[in-house]
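Encoded as structure tokens, the structure appears first; notes follow it.
The values are calculated or read from the model by the stated rules, or taken from the named source; none is laboratory data. Since the structure is predicted, the reported quantities are computational estimates derived from the model, not experimental observations. All Cβ positions, glycine included, derive from the backbone under ideal geometry; neighbour counts span all protein chains shown. Surface areas here come from the heavy atoms of the whole protein model, side chains and all, with no ligands, DNA or RNA. Shrake-Rupley method; radii C 1.70, N 1.55, O 1.52, S 1.80 Å.
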Amino acid sequence: MLTKKKITPFILIIFFGCSKTNDSATEVKSIADDLYSVMLADRIDLKMKFGLPINNFPDMDYETARLKVEQAKTFIQKIDAVDREKVNHTDDLTLSMMRQYLQTLVDGLPHYWNGFSITPYMFGWQGRSMQQVFLTYQFKSDDDLEPYLVLMDEYADHLDQQLEKLKGQDDRGIRFPKPELPLVLGLLDQYKSGMNATFIPMEDRLSLFDDNAQDNFISSISERLSNEILPSLQELIDFINSDYKMRMPDDVGAYQYPEGEDYYNYMIEYHTNSGLTAKEIHEIGLKRVEELYEEMAQIRGKLGFEKGQLAFHDKIMNDPYFIAKTPADVEKRYMDYMEKIEPHISTLFTSNPKAPYGVKRLDQALEGAMTFGYYQVPTSDNEIGQYRYNGSDLKNRPMLWSGPLIYHELAPGHHYQINLNMENESIHKIRKDMRLYNASITEGWGNYAAFLAEEIGMLDKPLDQYGWLAFQMFFYNRLVLDTGMNALGWSLDDARKFMRKHTFATEAEIQTETLRYSVDMPGQALAYALGLDRLVLLRNNMKDQLGDQFDIRDFHDAVLKEGAMPLNILEDHIQWFIKNK
């Protein structure tokens, strides 16, 4: 079924969509408009956000990736031809962000085969997006029936492409490690068992059609499930369970695969824009972990607890105060912290996002493979920005760091950054809707938001302070473990022992998190701590330069008002902001 190629029309957009002009602002807008059109055609989430029809799913095969790189190179040529001296600062930022994004695509092509796409985080995100298309599909007329069936064909084709990539990696000696196997098979089994619920609409969704039309449509869906989707999924499962399983490595980490070192170095820079090596990041992590370890011991001493960290953590695990009994209890705890910070927001920010925020439980099919949760942006169907939390096994999910976590996810964290960006009418839409930045600013800002909340006294109780230190410890551990497993030869057992000693993570979290770092998303976990460090450094530099004129709201305006951007571009932007204040 690997026959689709939807890239050619987009290349035509590049060649013929940008007319030559002497007006630099028009030229920048033309390039951005064309790139936006190309990316919109390939993004399920954006189409859903705008309520646009979804007629196909993006291809993930190597040839499509190669053609996208050719597109990117053409765009880069057009960007480089713009006279930067003639554009205003906002347009200059747009050009810089687009170029860096495109260059990242170009630089990433040699590493196509190193990245796993069938693991819980990667396949979970993709699969959930496609499932949402079916679960929210609107049946408004007879014309909506056939496209739904075509999308089912596309879904089967996506599963076939997943298998083809897995086989291509196998041929190149790149196989996901044995410890990842239970998570992958568990996720695929969940998808398999949920097929009917995903694809067969409830009767009320088909109320516009008579009984005969409904029966025929459901019959066509069942036929595609039986003849296309389930066989494709089963073939994927069977391949993983075949002799492929015997060829899986026992060890984890990017370094062990062909070109693995280069791939990991690429991922470090992609996620952090830091210019740091794996060894340098590892040393930063070790130093900060040691400092936090001592600070946590000091708080335990103030609380009169002298039996050590593990005993203290065992005590917390059995303390009813920290254990939510129901998901409703979880949500109340989070929202109590939000109510506490709301009166202080005006002293920190000059503007607030219009979108409301809240919390909602994660889809239960994902809870077994995701340690915590994620921030879900508002959509046309749900205008509330929500932290989707893991509500399973609550007795083993103590809410010690619920304060810093919700400040990271909602206000003044992801919710503020993302929605102030999306609601900004003064920047090109590509700056609001496209992924022209990476985790160093998004996750770095989330951690900075928690840092800010602690700084103004929102975490003033000793146990809240301890939770804040434990929260930081979790992220700085990632610097040690991610680099250790992917570059420095640490085993999975080494990483888990280190994490048990230094973090408050449960055993279930330790199991999934260490696999996330070493298999699912190498390098991504580095962004949380390094992003925080860089933002604090940028703030301190701004304060040193402005002296008595420094206002923390100015720094937050500089970081947020032009929208999220890679930290290296943000650094230059802040210098521009200072000079033009």
Mind telling me which of the residues 510, 552 ends up being touching a residue at least 12 places away in the same chain (Cβ under 8 Å), open to solvent by 10 Å² or more (accessible area, probe 1.4 Å) and touching a Ser or Thr at 6+ places or on another chain (Cβ under 9 Å)? 552
Give the residue that is surrounded by the fewest Cβ atoms within 10 Å (Cβ to Cβ), with candidates limited to residues of region 21-42 that are of a type in the set (A, V, I, L, M, F, W, C) and assigned to a helix (DSSP H, G or I). 25
Could you check, for region 540-547, whether at least one of its residues is more than 30 Å from residue 343 (Cβ to Cβ), touching a helix residue (DSSP H, G or I) at 6+ places or on another chain (Cβ under 7 Å) and surrounded by 24 or more Cβ atoms within 10 Å (Cβ to Cβ)? no
Return yes or no: is residue 525 surrounded by fewer than 24 Cβ atoms within 10 Å (Cβ to Cβ), in contact with a Phe, Trp or Tyr (Cβ under 8 Å, 6 or more places away or on another chain) and farther than 15 Å from residue 449 by Cβ? no
Go through 310, 292, 348 for me and flag whichever is closer than 27 Å to residue 517 by Cβ, over 25 Å from the mean Cα position of the chain (by Cα) and modelled with pLDDT of 95 or more. 292
Between a residue in region 267-283 that is at positive phi and any residue that is part of a loop (DSSP other than H, G, I, E, B), which pairs come within a Cβ distance under 8 Å, given they are 6 or more apart or on different chains? 273/438; 273/566
How many of the residues making up region 112-141 are without any contact (Cβ under 8 Å) to a residue 40 or more places away in the chain and β-branched (Val, Ile, Thr)? 0
Count of region 466-490 residues which are outside any helix (DSSP H, G or I) and surrounded by fewer than 24 Cβ atoms within 10 Å (Cβ to Cβ): 2
As an exercise: evaluate residue 421 against (1) over 21 Å from the mean Cα position of the chain (by Cα); (2) open to solvent by less than 10 Å² (accessible area, probe 1.4 Å) and give the number of the one condition it does not meet. (1)
Just one of the numbered conditions (1) at positive phi; (2) modelled with pLDDT of 95 or more is not true of residue 563; which one? (2)
From the set of residues in region 296-312 that are open to solvent by less than 60 Å² (accessible area, probe 1.4 Å) and in a helix (DSSP H, G or I), which is farthest from residue 402 (Cα to Cα)? 301
Within the set of pairs 6 or more residues apart or between chains, which connect a residue that is under 16 Å from residue 90 (Cα atoms) and at pLDDT below 90 inside region 414-431 to a residue that is aromatic (Phe, Trp, Tyr) and crowded, with 21+ Cβ neighbours inside 10 Å with Cβ atoms less than 7 Å apart? none
For the list (1) closer than 24 Å to residue 474 by Cβ; (2) surrounded by fewer than 21 Cβ atoms within 10 Å (Cβ to Cβ); (3) modelled with pLDDT under 95; (4) among the aliphatic types (A, V, I, L, M), I need the number of the one condition that residue 338 fails. (3)
Do the conditions hold for residue 343, that is, is it over 27 Å from the mean Cα position of the chain (by Cα), open to solvent by 60 Å² or more (accessible area, probe 1.4 Å) and over 19 Å from residue 510 (Cβ atoms)? yes
Looking only at region 453-465, filter to residues that are part of a helix (DSSP H, G or I) and of a type outside the set (S, T, N, Q); which one of those is surrounded by the most Cβ atoms within 10 Å (Cβ to Cβ)? 453
Here is a list: 109, 93, 52. Which entry is buried (at least 16 other Cβ atoms within 10 Å of the Cβ) and either in contact (Cβ under 8 Å) with a residue 12 or more places away in the chain or within 25 Å of the chain's Cα centre (by Cα) (or both)? 93
Condition test on residue 536, is it of a type in the set (A, V, I, L, M), over 19 Å from the mean Cα position of the chain (by Cα) and surrounded by 15 or more Cβ atoms within 10 Å (Cβ to Cβ)? yes
Checklist (1) open to solvent by less than 60 Å² (accessible area, probe 1.4 Å); (2) in a helix (DSSP H, G or I); (3) within 24 Å of residue 508 (Cα to Cα); (4) not hydrophobic (A, V, I, L, M, F, W, C) applied to residue 315, failing item: (1)
Considering only residues that are among the acidic types (Asp, Glu) and open to solvent by 20 Å² or more (accessible area, probe 1.4 Å), look in region 161-211 and name the one that is nearest to residue 234 (Cα to Cα). 189
Of the conditions (1) modelled with pLDDT of 95 or more; (2) exposed (fewer than 14 other Cβ atoms within 10 Å of the Cβ), residue 155 fails just one. Which one is it? (2)
Screening 59, 91, 83 for residues that are of a type in the set (Asp, Glu) and under 25 Å from residue 129 (Cβ atoms) leaves only 59
Exception for residue 395 within (1) at pLDDT 90 or above; (2) open to solvent by 20 Å² or more (accessible area, probe 1.4 Å) falls at (1)
What residue, of 138, 126, is farther than 26 Å from residue 243 by Cα, not acidic (Asp, Glu) and not in a helix (DSSP H, G or I)? 138
Filter result for residue 120 (open to solvent by 30 Å² or more (accessible area, probe 1.4 Å) and within 30 Å of residue 177 (Cα to Cα)): no
